[in-house]
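The values are calculated or read from the model by the stated rules, or taken from the named source; none is laboratory data. Remember, it's a predicted structure, so these values are computed and weren't measured experimentally. Cβ placement follows ideal geometry from the backbone for every residue including glycine, while neighbour counts extend to all protein chains displayed.
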Amino acid sequence: MSIISASGDGLTRRRLVGGALAGGILATPLAAFGQNAPGGFPGAAPAAPAPDAPGGAEITVDQARTAPIPIAIPSFGPGIGDQMTQVISNDLAGCGLFRPLGAAASAGGPGVPDFAAYKSMGAQALAAGTTSGSGAGVRVEFRLWNVLTGQQLQGTAYSTSGANWRRIAHIIADVIYERMLGDKGYFDTRICYVATSGPRSHETTRLAIMDQDGANNRVLTGGEWLVKTPRFHPTRDEIAFMSYANDRPRVYLFDLNSGRQQVLGEFAGISFAPRFSPDGSSVVMSATRGGGSDIYTVSLGGGTPRQLTDSGAIDTSPCYSPDGSQIVFNSDRGGSPQLYVMGAGGGGARRISYGSGTYGSPVWSPRGDLIAFIRIGSGGFAIGVMAPDGTGERILTRGFSVDSPTFCPNGRVLAYARRGAGASSSLGQIDIAGFNERSVPTPGGAEAPAWSPLKG
Amino acid sequence: MKLKLLGALALVAALAACSDNKAANSGSASGLGATSAPTGAAAPGSEADLVANVGDRVYFELAQNTLSSEAQATLDRQAAWLARYPQVTVQIAGNCDDRGTDEYNIALGNRRANAARDYLVAKGVSADRISTISYGKDRPTATGDDEQSWAQNRNAITAVR
């Protein structure tokens, strides 16, 4: 099997303000022009509120859904500056919560911007930047301003290789999102999926990975065997997925840096439907036994799989709550496929889906407040969300076939696979409020998306 | 003489499996699934013989794994055929229409393959001659998006290994 390593920029924890970033990106605070930084020491960035503090937001997500934030993003300069401006604009416009002002002219020259000019454009915020240097030594200076108050909300200089321009642009878009909305952004992320090609009776399937906006698409496996359901490790550069290698369908671990694959757990039957535990120490999955399937956890450190269900029916598609205390799963123990929630150690399963039709593919939001699912009725497939106790069910979108919902890291957007009658499968995204549905570009057919955590 | 004949039969069976139905009944991506009935005389005990003269597959109702009387009749013929060719081992692949979720359908396909396997074993076929696999909705026989295609794709297909 030919494997193309997905290694590129390494992955370590990212910090919003200051400090070393992954892949040789250094971020340093930029002084505010003509302002004394709160906290008293000139030269430091204004004391930004803690990233998780909702009080730091300029505008709530709910407000921005009805009235996207008008933001001016003048070009960061020729060459990669222009390209970065485009990526930042696409990220912010794409999430539906911002309205980048097209081709906003730079007003005011270097130094403090001409806020009156931006105000007359209708801008509420201004993202201004410059790029200098080339090759291995590129410096990107970025400042975010509240146009109405003239306050600098963020100032950061990134020193890096020019090859990282796209990643810096996503990081800047994440900073803007977080400063304006109080939620972490999700633009510096990737989507792993199954790329499909060839006749539908015998499709060729390959694991593929790309940036969340569809850029940097790379194929990870050679297409020799059927592969399914990739899922990201919460912190490491690893993926759990299902492969039919050697006609023995099993769950595998895939190391994105080395390309190494290994079977996870020893099962007599088919093992499938893997998802990592929130702490990344184990994988929960199902394995067939007789005419049904049971749910197990398999430690990455080895050892015997631990069996969590024993219903004799089909128990599958397990997914942990973000605190690791519960598992939502799909079971036909009651006669038809429905959603159940049980304790992470197994036992105490209670049904949470009660609408007409059948349910499947549950996935717990990283925020903990929602479970997304597929509901299948006579009218076709639908993607919906409900509270973990089964209340408040809402359908977000419908289609001939939709499957594999996956949350972005802040839980605000779902990606999924969609296939129309007579068509091949492709990827889509939708805000959990049910608006801003759009397609995600892929070079060919695409199924089973998995959204990565923030690159960190 | 008898041994030689058996060896030749096994070889023919293996060749038929490789050239014909193996790709349709495997997770490999090599080749296109050819499941049409062969023309001309099929070598006794071969995949082609199974397909043409016995029936290699049984069908299921929506979301079910119950064996209809028609399915039982097909499996009865398979059991008799397997008794006649004791050197043959088979794999039963369970398949689904695409009206379920990806993951649930893997388990449902397994349940169908298991139902067919259990029936054959009850009819006296040794369990160690039968392996099972499920392709969920990933290896459809019919590629239309209509009731007729879905009915064809809810099946368990027996193939000579």
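Could you go through the range B:88-96 and let me know if any residue there is within 10 Å of another protein chain (Cβ to nearest Cβ), assigned to a loop (DSSP other than H, G, I, E, B), within 18 Å of B:Ala151 (Cβ to Cβ) and not acidic (Asp, Glu).
Within the range B:88-96 (the criterion being within 10 Å of another protein chain (Cβ to nearest Cβ), assigned to a loop (DSSP other than H, G, I, E, B), within 18 Å of B:Ala151 (Cβ to Cβ) and not acidic (Asp, Glu)), the answer is no, since none of the residues qualifies.
Among the residues of the range A:238-263, which ones are over 22 Å from B:Ser28 (Cβ atoms) and assigned to a loop (DSSP other than H, G, I, E, B)?
A:Leu256, A:Asn257, A:Ser258
Among the residues that make up the range A:444-452, is at least one of them in the same structural domain as A:Asp323 (by TED's automatic domain parsing), surrounded by fewer than 22 Cβ atoms within 10 Å (Cβ to Cβ), part of a loop (DSSP other than H, G, I, E, B) and out of contact with any strand residue (DSSP E or B) (no Cβ under 9 Å at 6 or more places or on another chain)?
The answer is no; no qualifying residue exists.
Conditions: (1) at pLDDT below 95; (2) under 13 Å from B:Val58 (Cβ atoms). B:Asp145 meets all but one. Number of the miss?
(2)
Can you name every residue in the range A:294-310 that is within 14 Å of chain B (Cβ to nearest Cβ), touching a residue at least 24 places away in the same chain (Cβ under 8 Å) and not hydrophobic (A, V, I, L, M, F, W, C)?
Across the range A:294-310, the qualifying residues are A:Tyr296, A:Thr309.
Looking at B:Ala113 and the list (1) small (Gly, Ala, Ser); (2) assigned to a loop (DSSP other than H, G, I, E, B); (3) out of contact with any helix residue (DSSP H, G or I) (no Cβ under 9 Å at 6 or more places or on another chain), which single condition is not satisfied?
(2)
Just to verify a result, which residue in the range B:133-161, among those that are basic (Lys, Arg) and either buried (at least 23 other Cβ atoms within 10 Å of the Cβ) or in contact with an Asp or Glu (Cβ under 6 Å, 6 or more places away or on another chain) (or both), is farthest from the other protein chains (Cβ to nearest Cβ)?
Once the filter is applied, the top-ranked residue is B:Arg154.
Output the residue which, of all residues in the range A:402-427 that are surrounded by 15 or more Cβ atoms within 10 Å (Cβ to Cβ), out of contact with any Lys or Arg (no Cβ under 7 Å at 6 or more places or on another chain) and of a type in the set (A, V, I, L, M, F, W, C), is nearest to the other protein chains (Cβ to nearest Cβ).
Out of the qualifying residues, it is A:Ala417.
Yes or no, residue by residue, for (1) out of contact with any Lys or Arg (no Cβ under 9 Å at 6 or more places or on another chain); (2) within 13 Å of another protein chain (Cβ to nearest Cβ):
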{"site": "B:Ser68", "(1), (2)": "yes, no"}
{"site": "B:Ala80", "(1), (2)": "no, no"}
{"site": "B:Asp102", "(1), (2)": "no, yes"}
{"site": "B:Asn105", "(1), (2)": "no, yes"}
{"site": "B:Arg112", "(1), (2)": "no, yes"}
{"site": "B:Asp118", "(1), (2)": "yes, yes"}
{"site": "B:Gly124", "(1), (2)": "yes, no"}
{"site": "B:Ala127", "(1), (2)": "no, yes"}
{"site": "B:Ser131", "(1), (2)": "no, yes"}
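Just name the residue that is nearest to A:Lys184 (Cα to Cα) out of those in the range A:401-415 that are part of a strand (DSSP E or B) and in contact with a helix residue (DSSP H, G or I) (Cβ under 9 Å, 6 or more places away or on another chain).
A:Ser404
Could you tell me which residue of the range A:232-246 is nearest to the other protein chains (Cβ to nearest Cβ), considering only residues that are of a type in the set (A, V, I, L, M) and touching a residue at least 60 places away in the same chain (Cβ under 8 Å)?
The qualifying residue nearest to the other protein chains (Cβ to nearest Cβ) is A:Ala245.
Within the range B:86-98, which residues are surrounded by 18 or more Cβ atoms within 10 Å (Cβ to Cβ) and modelled with pLDDT of 95 or more?
B:Val88, B:Val90, B:Gln91, B:Ile92, B:Ala93, B:Gly94, B:Asn95, B:Cys96, B:Asp97
To keep it simple, each residue is scored yes or no on (1) within 11 Å of another protein chain (Cβ to nearest Cβ); (2) hydrophobic (A, V, I, L, M, F, W, C); (3) over 20 Å from the mean Cα position of the chain (by Cα).
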{"residue": "A:Val251", "(1), (2), (3)": "no, yes, yes"}
{"residue": "A:Gln262", "(1), (2), (3)": "no, no, yes"}
{"residue": "A:Glu266", "(1), (2), (3)": "no, no, yes"}
{"residue": "A:Arg289", "(1), (2), (3)": "yes, no, yes"}
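Test of understanding: among B:Leu120, B:Leu108, which residue is in a helix (DSSP H, G or I), within 13 Å of the chain's Cα centre (by Cα) and either at pLDDT 95 or above or within 24 Å of A:Arg200 (Cα to Cα) (or both)?
B:Leu120
Which residue out of A:Thr229, A:Thr221, A:Thr196, A:Thr205 is more than 12 Å from the chain's Cα centre (by Cα), within 14 Å of chain B (Cβ to nearest Cβ) and assigned to a loop (DSSP other than H, G, I, E, B)?
Going through A:Thr229, A:Thr221, A:Thr196, A:Thr205 in turn, the sole match is A:Thr221.
When you go through A:Gly355, A:Gly347, A:Gly399 one by one, which is the residue that is surrounded by fewer than 24 Cβ atoms within 10 Å (Cβ to Cβ) and within 14 Å of chain B (Cβ to nearest Cβ)?
It is A:Gly399.
Return the residues of the range B:45-72 that are among the hydrophobic types (A, V, I, L, M, F, W, C) and more than 14 Å from B:Ala115 (Cα to Cα); say none if nothing qualifies.
Those that are among the hydrophobic types (A, V, I, L, M, F, W, C) and more than 14 Å from B:Ala115 (Cα to Cα): B:Ala48, B:Leu50, B:Val51, B:Ala52, B:Val54, B:Leu62.
Within the range A:181-200, which residues are in contact with a helix residue (DSSP H, G or I) (Cβ under 8 Å, 6 or more places away or on another chain) and surrounded by 24 or more Cβ atoms within 10 Å (Cβ to Cβ)?
A:Leu181, A:Gly185, A:Tyr186, A:Phe187, A:Asp188, listed by residue number.
Taking the criterion of being surrounded by fewer than 23 Cβ atoms within 10 Å (Cβ to Cβ) and touching a helix residue (DSSP H, G or I) at 6+ places or on another chain (Cβ under 9 Å), would at least one residue in the range A:201-209 satisfy it?
Checking the range A:201-209: not a single residue is surrounded by fewer than 23 Cβ atoms within 10 Å (Cβ to Cβ) and touching a helix residue (DSSP H, G or I) at 6+ places or on another chain (Cβ under 9 Å).
Of everything in the range A:128-172 that's assigned to a loop (DSSP other than H, G, I, E, B) and among the β-branched types (Val, Ile, Thr), which residue is farthest from A:Pro100 (Cα to Cα)?
Within the range A:128-172, the match that is farthest from A:Pro100 (Cα to Cα) is A:Thr149.
For the condition part of a helix (DSSP H, G or I) and acidic (Asp, Glu), what is the one hit in B:Asp138, B:Asp128, B:Asp145?
None of the other options fit; the residue is B:Asp128.
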